[in-house]
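What follows is calculated from the coordinates using simple rules that are stated; it is not laboratory data. Computed from a prediction, not measured in an experiment: that's the story for all the values here. Positions of Cβ are generated from backbone atoms using ideal geometry, with glycine treated the same way; all protein chains shown enter the neighbour counts.
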């Protein structure tokens, strides 16, 4: 993702203790107004693309004006709604305006799966064509393109292309390898996803360990108003970095990225954009490219990388999913039809596996199923169903009699306790 605004500073304000002075950083002004006008599009937009682009701008303007100043946002036919400031909540507003202005009826899943401007135009064209056919009226002009279908991805090429962006061994041979800890030195850990359900429990367990000296929580997204958010755990061991999994270097400055590359001992990638409605293309930056970014951080000194994945990858793995099996081989046909979240987490696993073989980075992957806890997010359908089943002493009725199987639940404390133990062990196994 390209930066919308770049502000030059001689140094990041720090406190007496050498940590980032968040209050001082928050007070830094970013000059100039933001325009959402399209600048230098790759090709001229047609009438329908312009109409939908204007609706995008209306939906995005209030959010973007609060977050950035001083630059223009480029929207062309290849733009993805979620990559130019959109969100699931804003998608609801977009749906309302599309239906009201263009007089079409579109479902939310359809919008999520056509989140680029060109695909959204094709979706509207398809819907209008069906309506016109039913009304025996002329259809919308054919220049809008073919009916929208999910793109077929060559997954071997996709993974190989991403891995090619990693520095090669010849480029890093002069960088010192990881060094062993002395008896009094403690671990420096990089953590993503520290504000989430599992992340805050994981962070709490990490800072309680006497073996951990610092936990650098990166890619902490700002709140809806653009102000920095903070983790729920209070500890002097914690260092926070505002950023985003979608941003270049996760939002870290060059100096911060180099510092973490040279001084960290372990990387835990727990963050992800969890959405069962978004496409792989919409989730690729947050869930796959972020993994590559952390591998770039790790490769210089071959730091252990711990990836929190999901049992959802079992949807595409050809072998028995409960066994200790790698992400590959996978069913390519299923990968192109499964939900974008499962596909993105599989791609992240496949990426890590390939990088581990080629660069020697120690990689650990944890496929979590249903993790339960008293503070489970109310957006977690399974968590809420379990919570209210216990309160009501009743279970949801499943209409399909043919459904068989079981649900595996695990409490969050068990998950993070095991994960922290394995993390500590990796520091010993690989010389930290």
(message) Show me the ranking of peptides 225-235, 114-124, 256-266 by mean Cβ neighbours inside 10 Å, starting with the highest.
(response) 114-124, 256-266, 225-235
(request) Return 187, 419 ranked ascending by Cβ neighbour count within 10 Å, so the fewest neighbours appear first. (result) 187, 419
(request) Work out, step by step, the length gained on full extension between residue 225 and residue 100: first 0.36 nm times the residue separation, then minus their alpha carbon distance; give nm to one decimal. (result) 42.3 nm
(request) Mind sorting 107, 61, 282 by how few other Cβ atoms lie within 10 Å of their own Cβ, fewest first? (result) 107, 61, 282
(request) For each of 242, 186, count neighbouring Cβ atoms within 10 Å of the residue's Cβ, then give the residues from fewest to most. (result) 186, 242
(message) What distance in nm lies between label points placed 7 Å from Cα along the C-beta direction at residue 8 and residue 382?
(response) 5.2
(request) Figure the gain on full extension for residue 408 and residue 152 (residue separation times 0.36 nm, minus the Cα-Cα span) and round it to one decimal in nm. (result) 88.9 nm
(request) Report the label-to-label distance for residue 58 and residue 334 in nanometres (one decimal), using points 7 Å from each Cα along the Cα→Cβ vector. (result) 4.3
(request) Please work out how much length the chain gains when fully extended from residue 374 to residue 107, using 0.36 nm per residue of separation minus the C-alpha to C-alpha distance, in nm with one decimal. (result) 92.8 nm
